[in-house]
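Engineer: Take a look at the following structure, please.
The values are calculated or read from the model by the stated rules, or taken from the named source; none is laboratory data. If you're wondering where the values come from, they're calculated on a predicted model, not measured in any experiment. Neighbour counts run over all protein chains shown; Cβ positions are idealised from the backbone, glycine included.
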Amino acid sequence: MSARVWPDGRIELRSTTGAELAGRLEGSEWDSWKVAAVADAGLRLLCASEARHLTRTGQPSGWHRPFDRSDSAGLGRERKGGQMYDGSAVASCSCGWRVTAESQLGARALAEQHRREATSGEPT
């Protein structure tokens with residue numbers, strides 16, 4: 001998805017599927033925030049399926065003491081003081097999809113795969 005705005009008020013929006021929407025902003029009170037809001041709204045209309053699947057990836061859980069968590073299996077790196085490292089991260093989507101991966105990179109990959117499958121019409 002992309003948006004392009006020219007100084008004379010022309011705006012062009014393109015989806016990843018190749019659909020295009022072009023127009024002109026009228027008036028003189030356009031600031032960058034208002035133009036961005038128009039572009040965002042246009043992209044959401046043009047790319048409705050992509051807009052319904054806004055994903056995010058959380059931070060790794062990090063260092064903890066095993067006795068602080070009931071679900072701890074004692075796996076992972078250990079450091080002085082008996083702390084264990086948990087690199088797992090959660091990926092989630094605005095549609096309700098949610099998964100925990102072993103690493104933040106894994107969570108990002110799963111989120112990208114979810115978006116690709118969800119917007120191509122394949123079942124997730």
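Engineer: Pull up region 97-116, narrow it to residues that are under 23 Å from TRP63 (Cα atoms) and charged (D, E, K, R), then point me to the one that is farthest from the chain's Cα centre (by Cα).
Structural biologist: Filtering region 97-116 for residues that are under 23 Å from TRP63 (Cα atoms) and charged (D, E, K, R), the one farthest from the chain's Cα centre (by Cα) comes out as GLU102.
Engineer: What number of residues within region 78-121 are farther than 17 Å from HIS64 by Cα and among the aromatic types (Phe, Trp, Tyr)?
Structural biologist: Final tally of qualifying residues: 1.
Engineer: If we only count strands (runs of 3 or more DSSP E) wholly inside region 1-103, which ones have 2 or more residues that are at pLDDT below 85 and surrounded by fewer than 14 Cβ atoms within 10 Å (Cβ to Cβ)?
Structural biologist: Fully inside region 1-103 and qualifying: 2-5, 20-24.
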